[in-house]
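Below is one structure, written out as structure tokens, with a few remarks after it.
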Amino acid sequence: MNIKKVMVIGAGQMGSGIAQVCAQAGFEVFLNDLKEEFVQKGIGVITKSLSRSVEKGRMGEEDKEAALNRLTASTDINDAKNVDIVIEAAVENMEIKTKIFAQLDEIAPEHAILASNTSSLPITEIAAATKRPEQVIGMHFMNPVPVMKLVEIIRGLATTDEVYQTIEDMTKSLSKVPVEVEDFPGFVSNRILMPMINEAIYTLYEGVASKEAIDEVMKLGMNHPMGPLTLADFIGLDTCLYIMETLHEGFGDDKYRPCPLLRKYVKAGWLGRKTGRGFYSYE
Ligand code: 3HC
């Protein structure tokens, strides 16, 4: 299948990154969110990121302009009637996602693929909200999207080989590396990453070491680019908690029990970088 037009739903951190890499790779992109101000904020982030690439000599000014010209701001989900694929990057909430997918199923052309950037929710359940489960698939990008090479591609129970192949080819055309995984809670990335972050939070909670010491151990001892507590702030503590809850519920094993300190921070509204405070302060 030939993909030319893309709609990205959600202009936040992940959605704007996905829209950027798609526009850079030559796709026509509708960046959609509920309000014009959200979309404009996303386009602002993309413009800044592309300008940095120009400054760094990775891209010419004309290429930047061409990429921006391929981006269209959208606040009307009906724009999905013009696209070959929708990549949904809205909030991690099953009710909201199934509602969006049911709507998209009515609007998008028959041939269109419906993909979700969900970080841990079951693709098969999202697909069941549509009448085209064979064309529903997970495309899990990593944060920050313009920098990170990986895209986890998650097959739902009904996803066809043809749809999988189309998404694998598209991922490569974005200069990303696709990895195929089956639909189980947390897939591969978050099944391994989140329990490590949760354990780092338990280590802090139990007073084993300071936050700086925990991060230093993992950075200098294991060569991680960021310590786990810095990474948790970067991802968002609400997202970390949500993924741990998905793992806990999905596997029913107490080894996935979210740390009470993580819950406390989320209740306080200390969600990490995006709110100016998490384990560290960003004011
Ligand atoms: N957008 C675009 N480019 C960005 C960026 C962003 N948000 N953040 C950093 N960059 C670029 C910088 O511009 C810089 O490029 P340059 O060398 O041309 O200037 C390059 O990345 C390196 O950035 P910095 O020098 O500022 O800082 P670092 O060397 O510390 O790199 C990092 C930053 C790439 C974020 C690095 O710290 C890192 O790899 N961290 C771990 C990220 C990670 O683990 N991501 C996965 C999270 S889990 C996930 O996404 C799954 C989800 O479901 C939870």
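Each reported figure results from applying straightforward, stated rules to the coordinates on display, with no laboratory input. Predicted model, so just to flag it, every value in this text is computed and none were measured. Here the Cβ positions follow ideal geometry from the backbone for every residue, glycine too, while neighbour counts run over all protein chains shown.
Some points to look at:
- Quotient of Cα Rg and 2.2 N^0.38 Å for the chain, N being how many residues it contains: 1.01
- For 169, 161, 33, the sequence from fewest to most other C-beta atoms within 10 Å is 161, 169, 33.
- Shown for the chain are the DSSP H helices of 27 Å or more along their axis, judged by Cα atoms, with a mean Kyte-Doolittle hydropathy of at least -0.5: 36-55.
- With a Förster radius of 22 Å applied to the C-beta separation of residue 4 and residue 172, the computed FRET efficiency comes to 0.85.
- Among residues other than residue 218 with Cβ under 15 Å from its Cβ, the summed charge is -3 (Lys and Arg +1, Asp and Glu -1).
- When both bridge partners sit in the range 103-191, DSSP labels roughly 35% of those beta bridges antiparallel.
- Evaluated at q = 0.15, 0.24 Å⁻¹: base-10 log I(q)/I(0), Debye formula over Cα of the range 190-275: -0.50, -1.24
- Relative contact order, whole percent, for the chain stands at 13, derived from Cα pairs under 8 Å and 6 or more residues apart.
- Span from the the range 34-52 Cα centroid across to the the range 178-254 one, whole angstrom: 29
- Note on residue 76 and residue 267: their simple-model spin labels are 4.6 nm apart, each label 7 Å out from Cα toward Cβ.
- Exposure proxy ranking, count of Cβ atoms within 10 Å, fewest first, for 35, 97: 35, 97
- The chain - share of DSSP beta bridges that are antiparallel (%, nearest 5): 20
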